[in-house]
Amino acid sequence: MENEFYRFEFKYNLEPGLARLIESELKNYGMRLDKHVCKKKQNYTVTSLYFDSCHLSDYYDKIDGLLKRKKLRARIYEPCLKESNTVWLEVKEKYDMKIHKKRFGLTRDEWETFLKKGPSSLLKINEKSGAKGTKNDVLWHFLSNPVKPFVFIRYIRRPYILDDDFRITFDSKIEACKNNCLDYNKFMSPVKNNGVIMEVKFSHLLPFWFKNIIRKYNIRRGAFSKYSNSVDAVYLHNPLSK
């Protein structure tokens, strides 16, 4: 299981009431909930384990406002590892608003091997499939950067899609803790924001009607980083130097 894609990503920090209004507008233009959403809850949980260097290089790249930066993480779409059959190992590179993301899926056993023995232990998996380029590119980032698991982040996502090129997600109840695995943790710190982070993801052009919605509600793009804000939340009582 491998994925690679380029896209633009705009973020908006919204009050919950405004987020609900915009969701209603999206439905009027044909956007629908993603097929992976639970029909009863109409959302799913995103859980990520972010890796960073001992000097927190990726964190400080964001704090310093560098246009070019990256994130290394493992991600599942459940509250914890025991509820997921797949762990996605991801590299997310960003230049300004443009995202380049590579990822490949691990079984739980392969994930445990990765944690215990390091990324080099996975270089030969799926070697016979003939599609190992993305896997090796992702593992190269983990091998070339001396990183370790650092922050565990969990939130609720409600995703809407129009087609393969236009997707909007609403993320809320963001919480974080220091951790070195994807096991469930109930001792989480809330991550401060106005309530809902709306992420607009597209590869080419924004639909004209969405631009009208932005103007109608007079909302502006922000630069909210779940990772850096989660680090700040975890170190709330012992802030890192900036």
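Bear in mind that the values in this text are calculations on the coordinates, not laboratory data. The model shown is predicted, which means the values in this text are computed figures rather than measured ones. Virtual Cβ from ideal backbone geometry, glycine too; neighbours counted across all protein chains shown.
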Practice problem: Between the alpha-carbon centers of region 35-101 and region 1-18, tell me the distance in whole angstrom. | Solution: 11 Å
Exercise. May I ask you to sort Leu162, Leu139 by Cβ crowding, counting other Cβ atoms within 10 Å and putting the fewest first?
Key: Leu162, Leu139
Practice problem: Specify whether the C-alpha gyration tensor of the chain places it in the rounded, prolate or oblate class, a ≥ b ≥ c being the square roots of the eigenvalues: rounded for a/c under 1.5, otherwise prolate if a/b is larger than b/c and oblate if not. | Solution: prolate
Practice problem: Based on other C-beta atoms within 10 Å, arrange Lys62, Lys116 from fewest to most. | Solution: Lys116, Lys62
Practice problem: Based on the mean of other Cβ atoms within 10 Å per residue, sort peptides 97-110, 221-234 so the most packed one is first. | Solution: 221-234, 97-110
Practice problem: With 23 Å as the limit, write out which pairs from Lys62/Lys242; Lys71/Lys192; Lys116/Lys173; Lys41/Lys178; Lys41/Lys62 have Cα-Cα distances beyond it, or answer none. | Solution: Lys116/Lys173; Lys41/Lys178; Lys41/Lys62
Quiz prompt | Total charge dipole magnitude, region 2-234, about the Cα centre, Cβ charges on Lys, Arg, Asp, Glu only, Debye to nearest 20 | solution = 360 debye
Exercise. Quote the FRET efficiency, to the nearest 0.05, computed for Tyr217 versus Lys178 with a Förster distance R0 of 25 Å and r equal to the Cβ-Cβ distance.
Key: 0.10
Exercise. Return the calculated 222 nm mean residue ellipticity for the chain, to the nearest 500 deg cm²/dmol, obtained by summing -39500 (n - 2.57) across DSSP H runs with n ≥ 4 and dividing by the residue count.
Key: -7500 deg cm²/dmol
Quiz prompt | Length added when fully stretched, Ile63-Glu25, from 0.36 nm per residue minus Cα-Cα | solution = 10.3 nm
Practice problem: Calculate the translational D of region 39-132 in whole µm² s⁻¹ from Stokes-Einstein, where the hydrodynamic radius comes from the Kirkwood formula applied to all Cα pairs, the temperature is 20 °C and the viscosity 1.002 mPa s. | Solution: 141 µm²/s
Quiz prompt | Extension gain from Cys54 to Cys80, taking 0.36 nm per residue of separation minus the Cα-Cα distance | solution = 6.8 nm
Self-check item: Length gained when the stretch Thr107-Phe10 is fully extended (0.36 nm per residue, less Cα-Cα span)
Solution: 31.8 nm
